[in-house]
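Undergrad: Once you've had a glance at the structure underneath, I'll fire off some questions.
The values are calculated or read from the model by the stated rules, or taken from the named source; none is laboratory data. The structure presented is a predicted model; accordingly, all values stated were derived computationally and were not measured. We place every Cβ from the backbone using ideal geometry, glycine too, and count neighbours over all the protein chains shown. Just the protein is used for accessible areas: all its heavy atoms, side chains included, with ligands, DNA and RNA removed. Shrake-Rupley method; radii C 1.70, N 1.55, O 1.52, S 1.80 Å.
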Amino acid sequence: MAGQEILGRLVNVIPIAAGKPFRMRNASTALVVVTGATAAPTLNERSSFGGADTALPVIKTVYWATATDGTALWNKLILPAAVSTFTNGTTTGLTTATMTAFHVFTSQLSDPFNYLNVVMGAGLAYVIVGDLTVQRGPASLELLGA
């Protein structure tokens, strides 16, 4: 068998991430993937799991596609200014998007914030936390949502 397993070595995943704050402490990036023709993610940061949300306007580059099943190529949109929210179907450049993705880097969080919270007005959010600084077997990975 060729290849290496990546869960625990490079990434951790949160398949249902909408409204679920997650810790970024042991990773350098989070890829947020949202689906839905009217998906409306809002990105927030928190200092603790139960803390209050503060808008995090760091979304500048959005990758988007017109299909969610791998049958459409990714496109790239660079927004005129960094934002904390956008809407598939209405935001300029995303009017035909049914799937969008953007990266958030740990270095973009303000001190003392180390949690992200993706609040969805519509659609679904999936998060891939990557570039793990501590590698562990999947059963020993740190709980992200605690």
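Undergrad: Quick one: give the max-minus-min coordinate of the C-alpha atoms of the stretch 76-146 along each principal axis, largest first, in Å.
TA: The Cα atoms of the stretch 76-146 stretch 41, 27, 22 Å along their principal axes.
Undergrad: Reported to two decimal places, what Rg/Rh ratio describes the stretch 43-93 when computed on Cα atoms with Rh from the Kirkwood expression? Working shown, then result.
TA: Working: Rg = 14.0 Å, Rh = 12.8 Å.
Reported Rg/Rh (Cα atoms, Kirkwood Rh): 1.09.
Undergrad: I need the chymotrypsin sites (Phe, Trp or Tyr not before Pro) found in the stretch 33-131, filtered to DSSP loop residues with at most 13 other beta carbons within 10 Å of theirs.
TA: Trp74
Undergrad: Determine the share of the stretch 53-140's accessible area contributed by carbon and sulfur atoms, expressed in whole percent, with a 1.4 angstrom probe.
TA: Carbon plus sulfur share of accessible area: 57 percent.
Undergrad: As a test of reading the structure, rank Thr100, Thr68, Thr29 by solvent-accessible area (1.4 Å probe, protein chains only), most first.
TA: Thr68, Thr29, Thr100
Undergrad: Let me ask something additional. When all C-alpha to C-alpha distances in the stretch 72-114 are sorted into bins of 10 Å, what percent of pairs does each bin hold, rounded to whole numbers?
TA: Percent of pairs per bin, in order: 21, 49, 23, 7.
Undergrad: Same structure, new question: At 1.4 Å probe radius, can you tell me the per residue accessible area of the chain in Å²?
TA: For the chain, the per-residue accessible area is 52 Å².
Undergrad: Let me ask something additional. Over the stretch 1-127, what number does the Rg to Rh ratio reach, with both radii from the alpha-carbon atoms and Rh per Kirkwood?
TA: Working: Rg = 14.7 Å, Rh = 15.0 Å.
Expressed as Rg/Rh, it is 0.98.
Undergrad: Could you work out the longest stretch of the chain that avoids the trypsin sites (Lys or Arg not before Pro) located in DSSP loops with at most 14 other Cβ atoms within 10 Å?
TA: Values: sites that count: Arg9, Arg25, Arg136.
By the stated rule (loop sites, at most 14 other Cβ atoms within 10 Å), 26-135.
Undergrad: Which value, in debye to the nearest 20, describes the size of the charge dipole of the stretch 47-146 about its Cα centre when Lys and Arg Cβ atoms bear +1, Asp and Glu Cβ atoms bear -1, and nothing else is charged?
TA: Value, rounded to 20: 180 debye.
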